[in-house]
Amino acid sequence: MNPPFSPQNGKTDLTVRVLIVEDNLINQTFLSTLLRKYGVPSIVVNNGLEAVNFLKTQSVDLILMDIQMPVMDGLTATRQIRTQLGLTVPVVAVTSNPEYEARPRCREAGMDDFLSKPIQKKQLEAILERFLPPKEEKPPVIDQAYLLEITGGDNDLLTDLLSFFKSELPANRQALFDAVEQGNRVEFDHHAHRFRSSLNSLAMVNLAADLKKMEKNPTLTDAEIGEQLKALFHEISAGLKMLDGLIKD
């Protein structure tokens, strides 16, 4: 029987799941190609600073972090990911240094596991199995039956709704992220409630439901809400592309 992650049974998920932080082109190519064979989408950045900046606006499920890089090394980047960004995403060290020397420093920086170079496929498979459990199938971004109920199949109405939503989107996004950054849950709940109405107007009912789960939820930290918001707006972008396609058709 094939392991959960193998070239034979990998199913591609279009959402980026792994961030590769590596300055060596050969290692970049090796890791991204191998992950693609496993059906795991990835994106590559060249150093720790690029990784930190990327994670300010995007979310991933796993980070493969080289230790020695120019501009910002992997240990410093991991500390910033943990302390400044407040993220708990798994970070796996990737290094050619002897494990007995590197592992204590990696743990101290907040890393979760360790991959030795040259990377062996079985080692990588074990990391993927540990940190990337198969994702549950997501409900559709657009509820097309509800969309038809809203618009009655009127493309002009859909165009107007879509245009208004897009015009308001930057301000809505900024208001939500500002409230989270300031730790102001009252403001966040207020803006989230209003924005849910906008999502429902374009039949993004499942995304509206996801946003509602963030409201008045004391079990979520500000950092966790920030991560969920990043994922939400990624899905919104996909939904808008789908709606643009419906209008063109």
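Looking only at the stretch 198-249, which residues are of a type in the set (Val, Ile, Thr) and farther than 19 Å from ARG17 by Cα? VAL205, THR219, THR221, ILE247, listed by residue number.
Yes/no matrix, rows are residues, columns are (1) part of a helix (DSSP H, G or I); (2) at pLDDT 95 or above; (3) hydroxyl-bearing (Ser, Thr, Tyr):
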| residue | (1), (2), (3) |
| --- | --- |
| TYR146 | yes, no, yes |
| GLU149 | yes, no, no |
| PHE165 | yes, yes, no |
| GLU168 | yes, yes, no |
| GLN174 | yes, yes, no |
| ASP178 | yes, yes, no |
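Which one of these does ALA51 not meet: (1) crowded, with 21+ Cβ neighbours inside 10 Å; (2) modelled with pLDDT under 90? Single failed check for ALA51: (2).
Once the stretch 53-86 is narrowed to residues that are in a strand (DSSP E or B) and either of a type outside the set (Val, Ile, Thr) or in contact with a Cys (Cβ under 7 Å, 6 or more places away or on another chain) (or both), the residue that is farthest from GLU227 (Cα to Cα) is ASP66. For the stretch 87-119, taking the residues that are of a type in the set (Val, Ile, Thr) and assigned to a loop (DSSP other than H, G, I, E, B), the one that is modelled with the lowest pLDDT is identified as ILE119. Inside the stretch 193-211, residues that are in contact (Cβ under 8 Å) with a residue 12 or more places away in the chain and under 22 Å from ASP156 (Cα atoms) make up a count of 7. Of the residues making up the stretch 186-200, none is among the small types (Gly, Ala, Ser), buried (at least 19 other Cβ atoms within 10 Å of the Cβ) and under 30 Å from GLY48 (Cβ atoms). Filtering the stretch 212-238 to residues that are within 24 Å of ILE81 (Cα to Cα) and among the hydrophobic types (A, V, I, L, M, F, W, C) leaves MET214, LEU220, ALA223, ILE225, LEU229, ALA231, LEU232, PHE233. In this structure, does ALA192 turn out to be touching a Lys or Arg at 6+ places or on another chain (Cβ under 8 Å) and hydrophobic (A, V, I, L, M, F, W, C)? Criteria met by ALA192.
Among residues of the stretch 212-236 that are over 21 Å from SER198 (Cβ atoms), those with a beta-carbon under 8 Å from a residue that is in a helix (DSSP H, G or I) at least six positions away or on a different chain give the pairs LEU220/MET214; LEU220/GLN228; ASP222/VAL180; ASP222/GLU181. Filtering THR78, THR88 for residues that are surrounded by fewer than 21 Cβ atoms within 10 Å (Cβ to Cβ) and among the hydroxyl-bearing types (Ser, Thr, Tyr) leaves a single hit, THR88. Determine, yes or no, whether GLU181 is within 21 Å of LYS56 (Cα to Cα) and either loosely packed, with under 15 Cβ neighbours inside 10 Å or not basic (Lys, Arg) (or both). Judged against the criteria, GLU181 is a match.
Would you confirm whether or not the stretch 132-152 contains a residue that is aromatic (Phe, Trp, Tyr), surrounded by fewer than 16 Cβ atoms within 10 Å (Cβ to Cβ) and more than 30 Å from LEU35 (Cβ to Cβ)? Yes, the stretch 132-152 contains at least one residue that is aromatic (Phe, Trp, Tyr), surrounded by fewer than 16 Cβ atoms within 10 Å (Cβ to Cβ) and more than 30 Å from LEU35 (Cβ to Cβ).
The values are calculated or read from the model by the stated rules, or taken from the named source; none is laboratory data. It should be emphasised that the depicted structure is a prediction, and the values quoted were computed from it without experimental measurement. Counting neighbours? That spans all protein chains shown, and the Cβs are built from the backbone with ideal geometry, glycine included.
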